[in-house]
Amino acid sequence: MSTESDIREFLASRRARITPQQAGLPAYGGNRRVPGLRREEVALLAGVSIDYYIRLERGHIAGASEEVLTSIANALHLDDAERAHLHDLARAAAKRPARRAKRPRGPLPDSVLRVLRSMTDSPAFIRNGRLDIVAVNDLGRALYAPLYADGAPQPVNIARFQFLHPGGRDFFPEWDESLNTTVSLLRTEAGRAPYDSDLTGLIGELVTRSEEFRTAWGKHNVRLHLTGRKSFRHPAIGDLTLDFDAMELPAHPGLTLTAYTAAPGTPDHDALRLLASWAATENAATATANTAGDVDPTGRTT
């Protein structure tokens with residue numbers, strides 16, 4: 001999809017959700033042909049001409065000043081994530097550099113991996129904007145065990161598992177919320193990195209193969225996903241709902257560290273302890289199997 005069509009559909013969808021009353025405008029008559037605000041009403045609220053706003057909503061947003069973008073964002077009652085997305089789309093239209101620095105593709109430094117592995121009581125992982133898990137600690141791998149099943153492509157991708165794997169709906173029991181979050185994160189990243197071929201390839205695959213993804217993608221919702229609660233249905237542990245905090249890594253643009261916790265004394269905290277015990281048992285069994293595989297026909301270990 002082109003940047004122009006993304007801009008057009010994003011602005012039109014935000015305009016459609018705002019009523020004149022919400023915008024502080026008088027509503028004359030009850031026979032409005034469009035949901036939400038008319039284009040001329042947005043132009044009035046933003047302090048621009050109707051012709052100029054129509055041009056912007058058609059996707060010709062390159063060259064719009066920061067002040068104009070802010071005025072439009074105010075008129076449409078955009079939240080922080082939507083404001084950032086609008087500016088990202090304007091940068092993409094003008095082919096200006098993204099607001100993030102160039103994203104490294106090399107391996108993570110040992111110092112970052114040590115931080116991740118030191119979080120022994122919390123499932124944690126590092127992901128990129130495409131929702132690839134690029135590093136994970138032992139408890140995080142145990143929590144996301146279904147994604148690491150035999151034969152899973154590497155790196156594992158949360159969105160691909162969620163929408164294309166038969167176990168995705170079971171693993172994320174609060175399906176609608178999880179679905180909308182995942183799609184919104186990818187839509188946000190698409191605004192930040194519109195020329196990322198790996199990202200556009202993933203989105204194309206999901207749009208083609210998943211009707212649910214395709215429907216949600218068309219809503220143009222974006223989101224900042226920094227803290228909250230997430231529910232899982234683990235195949236060995238059962239249901240658990242964990243608090244999460246997501247922290248961007250400033251020295252590694254495009255990467256986010258996410259950690260899950262549970263308040264002490266709660267059933268979910270007990271479930272985390274059970275998960276750790278299960279992970280230790282699984283790791284021990286794997287180590288034993290690997291050792292057994294190193295025995296030669298004479299009975300000696302190799």
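Values in this text are rule-based calculations from the coordinates and carry no lab data. Just so it is clear, the structure is predicted and the values come from calculations on it, not from any experiment. Methodologically, a virtual Cβ is constructed for each residue, glycine included, from the backbone with ideal geometry; neighbour enumeration extends over all protein chains shown.
Couple of notes before you dig in:
- Computed over segment 50-164, Cα set: Rg, Dmax in Å: 20.1, 58
- Segment ARG209..LEU274, full-extension length gain: 19.8 nm, with 0.36 nm per residue of separation and the alpha-carbon distance subtracted.
- Calculated P(r) of segment 110-288 - Cα pairs past 28 Å, %: 22
- Panel order for LEU131, LEU44, by other beta carbons found within 10 Å of each beta carbon, from fewest to most: LEU44, LEU131.
- Arranged from fewest to most other beta-carbon atoms within 10 Å of their beta carbon, GLU205, GLU67 become GLU67, GLU205.
- Taking amide H as placed 1.01 Å from N in the peptide plane, VAL134 has its amide H under 5 Å from the amide H of ILE126, ARG127, ASN128, each at least 5 places away in sequence or on another chain.
- Choice from ILE126, ILE72, ILE18 showing the highest fluctuation, given a GNM over the chain with Cα pairs closer than 10 Å: ILE18
- Shape of segment 110-205, Cα gyration tensor, a/c cut at 1.5: oblate
- When both segment 214-255 and segment 140-174 are represented by their alpha-carbon centers, they are found 13 Å apart.
- Over segment 3-94, the reciprocal of the mean inverse Cα-Cα separation, the Kirkwood hydrodynamic radius, stands at 13.2 Å.
- Gain upon complete extension [ASN180, ARG117; 0.36 nm per residue less C-alpha separation]: 19.7 nm
- Residue order for MET119, MET247, fewest other beta carbons within 10 angstrom first, comes to MET247, MET119.
- Considering only GLY63, GLY151, GLY228, the Gaussian network model of the chain with Cα springs below 10 Å gives its largest mean-square fluctuation to GLY151.
- Spherically averaged projected area in nm², based on the convex hull that wraps the Cα atoms of the chain: 20.3
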